[in-house]
1. Give the stretch 244-283 a look and list any residue that's of a type in the set (D, E) and within 10 Å of the ligand (Cβ to nearest atom), or say none.
2. So M325 ticks every box in (1) touching a residue at least 60 places away in the same chain (Cβ under 8 Å); (2) surrounded by fewer than 21 Cβ atoms within 10 Å (Cβ to Cβ) but one. Which box is left unticked?
3. Within the stretch 64-118, considering only strands (runs of 3 or more DSSP E) that don't extend past its boundaries, which have at least 3 residues that are in contact with a Pro (Cβ under 9 Å, 6 or more places away or on another chain)?
4. Can you spot a residue in the stretch 177-185 that is farther than 25 Å from K45 by Cβ, out of contact with any His (no Cβ under 7 Å at 6 or more places or on another chain) and open to solvent by 60 Å² or more (accessible area, probe 1.4 Å)?
5. Considering only residues of the stretch 113-132 that are closer than 14 Å to A75 by Cα and of a type in the set (V, I, T), which is surrounded by the fewest Cβ atoms within 10 Å (Cβ to Cβ)?
6. Which ones in the stretch 186-215 are more than 24 Å from G167 (Cα to Cα) and touching an Asp or Glu at 6+ places or on another chain (Cβ under 8 Å)?
7. From the residues in the stretch 84-130 that are among the hydroxyl-bearing types (S, T, Y) and under 18 Å from Q312 (Cα atoms), which one is farthest from the ligand (Cβ to nearest atom)?
Amino acid sequence: MEKSITLNEFIIHQQAEFPEATGNFSCLLHHIGIAAKKVNREVNKAGLVDILGRSGCENVQGEEQQKLDVYANEAFMEELQASGECCGIASEENEDVTTFHEGLCRNAKYIVCMDPLDGSSNIDVNVSVGTIFSIYRRKSPIGEAAVLDDFLQKGSEMVAAGYIIYGSSTMLVYTVGRGVNGFTLDPSLGEFCLSHPNIKTPASGKIYSINEGNYEKFPVGIKKYIKYCQEKDAKTNRPYTSRYIGSLVADFHRNMLKGGVFMYPSTDNHPNGKLRLLYECNPIAFIAEQAGGLAFSEEGRILDLQPEAIHQRVTFYAGAHDMVMKVKEFLNFFNNI
Ligand code: P6P
């Protein structure tokens, strides 16, 4: 039986491709893997112990915090600090950035933007949830406290991006700008093993993902695109398939493997879109592009957007190249976007 390559082996092999690499980045990724295993353990026993349900607190978004949200945030914060390679974190769960510049982290050169447990309102009904992360080099001088500008970098400056999907199996998917690789957690080994090398998303597909409950408020171009998807395809004589689970990582991951487009337009409740640029849209966009797809907002290519605030929301369209281009075509024609 062929030996599986573990995440740590892969990280070390990949480090060899970067002559200037010092191992700092590899160490950071290793600790992200440890935090992912810790969160996986708690997500998997949710329902059996008192880790389910509301924490009784609200996060900075004014959203009811689930106990697992709090656990996941603490687990990733703890491991990122323990790595000694991270000098600051912007998290969906925290109003302000957290900086580390003492002791081990004194010479850390990376910052992390993360959504520690995206889609957590789905946990109580056993729907897949995910962690999303993005890694940048700090811009401010090493040795000093990280500053806000370290976190407000364009997505095109990202060093790495990834997500963990806690689903029927737990997978860690990431890119360092040289393609996308997926690792499935083998519980018997306690290791993430390479299961999806060099993921490429199909150029097109038949899955569209959007919360059609907001249909009335969508831009006309999106309403027209949805109608286009519902018409029978000339070749297959079948319409597209609508798949939307309300968990970004799960919806995106399915579409990346099968071919599809994910859309979160402007709506009544969220005139600038609901999803966050820094720790949801940018990392997913980096992965989408590295897998051969596209990701844009009504303001332009996601990775080109200049963030103005750490919890900034943007409209978001990502997935198969040809499908995203078709969405852009409809928005351009009907909404001049
Ligand atoms: P809606 C989960 O709350 C989330 O942030 C994403 O994971 C998901 O894609 C989106 O919101 C779902 O939003 O408005 O359709 O429930």
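1. Within the stretch 244-283, D251, E280 qualify.
2. For M325, the failing item is (1).
3. By residue number, 110-118.
4. So far as the stretch 177-185 goes, yes, one or more of its residues are farther than 25 Å from K45 by Cβ, out of contact with any His (no Cβ under 7 Å at 6 or more places or on another chain) and open to solvent by 60 Å² or more (accessible area, probe 1.4 Å).
5. By that ranking, first place goes to T131.
6. The answer is A203, S204, N214.
7. Here the answer is T98.
Let's see how each residue does on (1) exposed (fewer than 13 other Cβ atoms within 10 Å of the Cβ); (2) over 30 Å from L29 (Cβ atoms):
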| site | (1), (2) |
| --- | --- |
| S195 | no, no |
| Y208 | no, yes |
| G213 | yes, yes |
| K224 | no, yes |
| Y228 | no, yes |
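The values are calculated or read from the model by the stated rules, or taken from the named source; none is laboratory data. From a predicted model like this one, the values you see are computed outputs, not experimental measurements. In this analysis, Cβ positions are derived from the backbone assuming ideal geometry, glycine residues included, and neighbour counts consider all displayed protein chains. In case anyone asks, the SASA skips ligands and DNA or RNA and just uses the protein heavy atoms, side chains included. Shrake-Rupley method; radii C 1.70, N 1.55, O 1.52, S 1.80 Å.
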